[in-house]
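No lab work stands behind these numbers, since they all come straight from the coordinates. Quantities reported herein were computed from a predicted structural model and do not represent experimental measurements. Neighbour counts run over all protein chains shown; Cβ positions are idealised from the backbone, glycine included.
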Amino acid sequence: MPVFSLDVNGARRTADAQADTPLLWVLRDALGLTGTKYGCGIGQCGACTVLLDGAAVRSCAVTVKDAVGHRIVTIEGLSPDAGHPVQRAWVAEEVPQCGYCQSGQILAAAALLARTPLPTDKQVDDALAGVLCVCGSYNRIRSAVRRAAEAMGKGVRP
Amino acid sequence: MTAVVRMSRRDFLRISGGTAAALALGVHLPGAARAAPGANALTPNAWLSIDEAGTVTVWVARSEMGQGVLTSMPMLVAEQLDADWSKVKVVQAVANPKYGRMSTGGSTSVRRSWEPLQKAGAAARQMLVAAAAQRWGVAPETCSTSSGTVVDSRGRVLSYGELAAAAAKHEVPAEPRLKPPADFRILGKPVARLDVPEKVDGRAIFGIDVRLPGMLFATVARCPVRGGRVKAVREEAALKVPGVRQVFEVPSGVAVVADSTWAAIRGREALKLTFDPGSNAGLDSAAISAILADPKAKLEVARQDGDFEAAFAASERKLEAVYEFPFLAHVTPEPMNTTARVGPGGAEIWSPTQSPTGAQDDVAKALGLPAERVLVHTTLLGGGFGRRAMSDVPVEAAHVARAAGAPVQLVWTREDDMVHDFFRPVSRNVLAAGLDAQGGLAAWRHTVRAPSVAAQLFGKAQGRPDVVEGAVGFPYRAGAVRVDAFTPPVGVTIGWWRSVYSSQNACAEECFLDEVALRAGKDPFAFRRDLLGGSPRLRGALELAAARAGWGRPLPAGRGRGIACHASFGSYVAEVAEVSVEGGEIRVHRVVVAVDCGRIVNPNTIEAQMESAVAYGLGPALRAAITIRDGAAMQRNFDEYEPLRIHEMPAVEVHRVPSDEPPGGIGEPGVPPVAPAVLNAVAAASGVRVRTLPAGRQGAGKKA
């Protein structure tokens, strides 16, 4: 089986996989990074969201071959100690219920704030509309994104 | 630091009489903490243990699916123990009858744990006091407890850790004294959820995240029609998919076992399957509607107050309406899965299950083992909503693991999850009401035509049909009330969906009641309030919701307000929705919730569960539905069955009616009023009365 060399959370990782394997399954099954979740496999739910060169992408829709040469960040690598302002805001607002979708929500929010430090409500909704939360934590997500934006505006950097 | 710890090997050793080694099951999760009490620990019962360091371990027998039991259950223990909350550690209990029937459903966790878990903590506290009193040579009555210490009248202090070993020698009180609610320091106060930190950095282990040494991954192909089966399979192409190891039949279908989930999915796609769909092959939604509408149906009477027929005939004005509800899927965020390891003498299961002892019994039966030889670990659940009360997935995983001869994680794809759900039953609700000359409610009839979950699961049920739940308790004063039911089987697998039959029946009842109020020329809130004298708690919630929502105050042009209330699972909830309808599109702007759920454990959780109920109820109210063609569900993934998204989430305000009543449920009762409040608001905003759900499917295009 082909071997792929990936840049995951700042480290070089190799994985044996078929070239068309979605990055999602390489992360979860080959590299043991189970924080990235499987939800639908067709790019509809966003549970598998990771950062690819800083942009939020659906890892079920990116093949391992196409991920080579890009910086991949998963929830495990967003910060060394859960100290990213988005993660801290998520705790402060007590966002998660079942929690299954929250890796995707947090990474989508982190990507948004990295390029749009003070997003409007509509920009928040637009950036997160692709990540389903069946438990309905959406209003807390909105509050947490605002809280994180404020913290980052005051110089609390990831 | 308070922490959530999972997996206990020692528990298994205890239940299996110390013979676990003979089971050849020497594996447990890497990093799993040992949670068993040491020799010097105080372990007065199954629920808690206090070690020499003063750490309080609490075993939680309920499944955490987002509703907060990993926090609320230890709060009950800690309150009566007078524990130092920062020293409380939580362990998910493995399935064991010593915890009673471990089932998380019916919004029962707090209700059924309220007394036993407080007593468990109180028993330990009483033993610690006895040990301290003995050491000091004073009467126990002169001692008090506070935050993990015993203090006597002279100010001497001993910590629970220092006392644990001595306390263990005292008798466990059978009926420990409970401190009165007025003295509560933890219960009723906002406490941060213990499972939040691990859910923001990828550490949380859901069922699908379980990893065992040598573990393989599996998918199973099943016939999508209830009662159907796989007739023939050609596996050559599947076996050529890189990573696929084995293909074999199991009772539920054909399993593909592979080195990775992806290989198992690809292998399954490569199977050449022929199904025998059985007797339900020709079934579709129209045929099911016709079954429910059968004009010759024999109705079972569930409630009869007075003579409905006579009261209706004598009514000044008469209304009749039919409300129709589709099948719904649960759509747990985490697709169904279970990891199993089966040895010659026993089985070990890791499952995101709402029913650990049910899974234990059903897996044992499937494998021909005694139940005590099946160890069931409950992982975190990525949503439950009633779907995970069923043991079909753990049983299937056990079959696959046994045949594979290796630990296997069975993963259902989202398509499997949606097509093979135990759907919320379809229903046809036929209502009739009569008004007297003064606009009073003279007669009320609610006929529920729906398949019975109890009958499908357990055979012909005795007593009142389950389908009238949420209808039979009609709380409004009326001259005569009749509630009856028709429960034909419909050839589609059905189950319990968050709030069960209240999800349809409350919607039909509360929407039709709005129609009746408007026909009587009355305000829908005032009409309800005036008829709720017999249910003061429901009326209290209704009045609070109306007041906080500003009922009666003018709204911007194009907006409408709707109100609905319902009592279920021991709690009383009223909701007011504000919507606008533009070009047939319904937009929900705000939902005000008022809840009376009796005494409470954690107000944070109550607020979160009400927010959750609004989101969970809105998707089906607006657009989600499962339809049937050729005997199978037509919707297979989120592109065809779409839960609510963030830009559609209304502002939600939650208000609580203070109450000293016994605790009510909280996971489900917020759901039933959502759809009727919204649909009543749609009628107010647009004049369109939606009677067939979901609302969006008919574009809200018909005038009432």
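Under 5 Å between amide H atoms, partner at least 5 residues away or on a different chain: which partners does B:Leu216 have, H built in plane at 1.01 Å?
When sequence neighbours closer than 5 places are left aside, the close amide H contacts are B:Val408, B:Gln409.
So what's Rg/Rh here for the range A:3-77, counting alpha carbon atoms and using the Kirkwood radius for Rh?
Numbers: Rg = 10.7 Å, Rh = 11.8 Å.
Radius of gyration over Kirkwood radius for the range A:3-77 works out to 0.91.
Debye sum, Cα scatterers, chain A, no solvent: what log₁₀ I/I(0) at q = 0.10, 0.14, 0.15, 0.16 1/Å?
-0.33, -0.65, -0.74, -0.83
Determine the dipole magnitude for chain A: charges of +1 sit on the beta-carbon of Lys and Arg, -1 on that of Asp and Glu, nothing else is charged, the reference point is the Cα centre, and the result goes in debye to the nearest 20.
On the way: 16 positive and 14 negative charges, 64 e Å.
With Lys and Arg at +1 and Asp and Glu at -1, about 300 debye.
For chain A, what is the mean residue ellipticity at 222 nm derived from helices alone (per DSSP H run of n ≥ 4: -39500 (n - 2.57); sum divided by total residues; nearest 500 deg cm²/dmol)?
On the way: 5 runs with 50 residues, N = 158.
Computed ellipticity for chain A at 222 nm equals -9500 deg cm²/dmol.
With each pseudo-label sitting 7 Å past Cα toward Cβ, what's the A:Ser143-B:His170 distance in nm, one decimal?
Simple spin-label model gives 4.2 nm for this pair.
Looking at chain B, send over the antiparallel percent of its DSSP beta bridges, to the nearest 5.
So the antiparallel bridges amount to about 70 percent of the total.
Based on DSSP H runs of at least 4 residues, each adding -39500 (n - 2.57), what is the mean residue ellipticity at 222 nm of chain B after dividing by all its residues, to the nearest 500 deg cm²/dmol? The partial results should precede the final answer.
Numbers: 17 runs with 194 residues, N = 704.
Roughly -8500 deg cm²/dmol at 222 nm, from the helical runs in chain B.
Could you list which residues have their amide H under 5 Å from that of B:Arg656, counting only those 5 or more apart in sequence or on another chain, with H placed in the peptide plane?
The list, which skips near neighbours in sequence, is B:Val595.
Obtain the nm distance between the two label points defined at B:Ala39 and B:Asp660 by a simple spin-label model: each point lies 7 Å from its Cα along the Cα-to-C-beta direction.
Between B:Ala39 and B:Asp660, the simple spin-label model gives 5.0 nm.
Take every DSSP beta bridge with both residues inside the protein assembly as shown and express the antiparallel ones as a percent of the total, to the nearest 5. Can you show the working numbers first?
Working: 94 of 128 bridges.
Antiparallel bridges: around 75 percent, rounded to the nearest 5.
Karplus couplings for the range B:369-385 from phi (6.51 cos²θ - 1.76 cosθ + 1.60, θ = phi - 60°), rounded to Hz, Gly and Pro as x?
In residue order, the calculated couplings are 10, x, 4, 5, 8, 10, 9, 10, 9, 8, 8, 5, 9, x, x, x, 6 Hz.
Quick one: of A:Lys37/B:Lys240; B:Lys296/B:Lys460; B:Lys119/B:Lys460; B:Lys231/B:Lys296; A:Lys37/B:Lys87, which pairs are farther than 30 Å apart, Cα to Cα? Before the final figure, lay out each step's value.
Values: A:Lys37/B:Lys240 27 Å; B:Lys296/B:Lys460 20 Å; B:Lys119/B:Lys460 38 Å; B:Lys231/B:Lys296 37 Å; A:Lys37/B:Lys87 32 Å.
Going by Cα-Cα distance, B:Lys119/B:Lys460; B:Lys231/B:Lys296; A:Lys37/B:Lys87 fall outside the 30 Å limit.
Would you mind working out the magnitude of the charge dipole of the protein assembly as shown relative to its Cα centre, with +1 at each Lys and Arg C-beta and -1 at each Asp and Glu C-beta, to the nearest 20 Debye?
Values: 96 positive and 85 negative charges, 51 e Å.
Around 240 debye, computed over the protein assembly as shown.
For B:Lys522, give me every one of the lysines with a C-alpha distance below 24 angstrom, ignoring sequence neighbours fewer than eight places off in its own chain.
Filter leaves B:Lys318, B:Lys702, B:Lys703.
Return B:His647, B:His446, B:His420 ranked ascending by Cβ neighbour count within 10 Å, so the fewest neighbours appear first. Spell out each step's value before the answer.
Numbers: B:His647 14, B:His446 26, B:His420 23.
Ascending number of Cβ neighbours within 10 Å: B:His647, B:His420, B:His446.
To the nearest whole number, what is the average tally of beta carbon atoms from other chains within 10 Å of the beta carbons of peptide B:375-381?
Working: counts 0, 0, 0, 0, 0, 3, 3.
Averaged over the peptide's residues, the number is 1.
Quick one: 3J(HN,Hα) in Hz for the range B:298-303, Karplus 6.51/-1.76/1.60 with θ = phi - 60°, rounded, Gly and Pro as x.
Rounded to whole hertz, the list is 8, 8, 9, 7, 9, 7.
Run the dipole for the range A:3-77 about the Cα centre, Lys and Arg Cβ at +1, Asp and Glu Cβ at -1, nothing else charged, and hand back the magnitude in debye, nearest 20. List each step's numbers first, then the result.
Values: 7 positive and 7 negative charges, 21 e Å.
Dipole size: approximately 100 debye.
Can you find, among B:His170, B:Pro251, B:Ser86, the residue farthest towards the positive end of the dipole of chain B? Put +1 on the C-beta of Lys and Arg, -1 on that of Asp and Glu.
B:Pro251
Which residue, chosen from B:Tyr641, B:Val419, B:Leu367, occupies the Cα position most advanced towards the positive end of the dipole of the protein assembly as shown, where the dipole is computed from +1 (Lys, Arg) and -1 (Asp, Glu) charges on Cβ about the Cα centre?
B:Leu367
On full extension of the chain, what length is gained from B:Glu236 through B:Arg464, given 0.36 nm per residue of separation minus the C-alpha to C-alpha distance? Can you show the working numbers first?
Values: separation 228, 0.36 × 228 = 82.08 nm, distance 5.20 nm.
The span from B:Glu236 to B:Arg464 would gain 76.9 nm if fully extended.
Using each residue's phi in the range B:115-120, evaluate 6.51 cos²θ - 1.76 cosθ + 1.60 at θ = phi - 60° and report the 3J(HN,Hα) Karplus result to the nearest Hz, with x for Gly and Pro.
7, x, 6, 5, 5, 4
Rounded to the nearest 0.05, what FRET efficiency do B:Lys98 and B:Ala139 have when you use their Cβ-Cβ distance and R0 = 35 Å? Don't jump to the answer; show the numbers that get you there.
Numbers: r = 34 Å, r/R0 = 0.97.
The computed FRET efficiency comes out at 0.55.
Pull out a ≥ b ≥ c, the square roots of the eigenvalues of the alpha-carbon gyration tensor of chain B, then state rounded if a/c is under 1.5, prolate if not and a/b is larger than b/c, and oblate in the remaining case. Before the final figure, lay out the partial values.
Details: a/c = 2.12, a/b = 1.19, b/c = 1.78.
It comes out oblate by the Cα gyration axes.
Give the residue from B:Thr332, B:Asn280, B:Ala182 lying farthest towards the positive end of the charge dipole for the protein assembly as shown; charges sit on Cβ (+1 for Lys and Arg, -1 for Asp and Glu) and the dipole is referred to the Cα centre.
So the residue we want is B:Ala182.
Given a Förster radius of 51 Å and the C-beta distance between B:Arg154 and B:Glu115 as r, what FRET efficiency does 1/(1 + (r/R0)^6) yield to the nearest 0.05? Don't skip to the answer; put the middle values down first.
Numbers: r = 34 Å, r/R0 = 0.67.
Approximately 0.90, to the nearest 0.05.
Over the protein assembly as shown, how many percent of alpha carbon pairs lie in each 10 Å bin up to the one with the longest distance?
Going out from 0 Å in 10 Å bins, the protein assembly as shown shows 2, 12, 21, 24, 21, 13, 5, 1, 0 percent.
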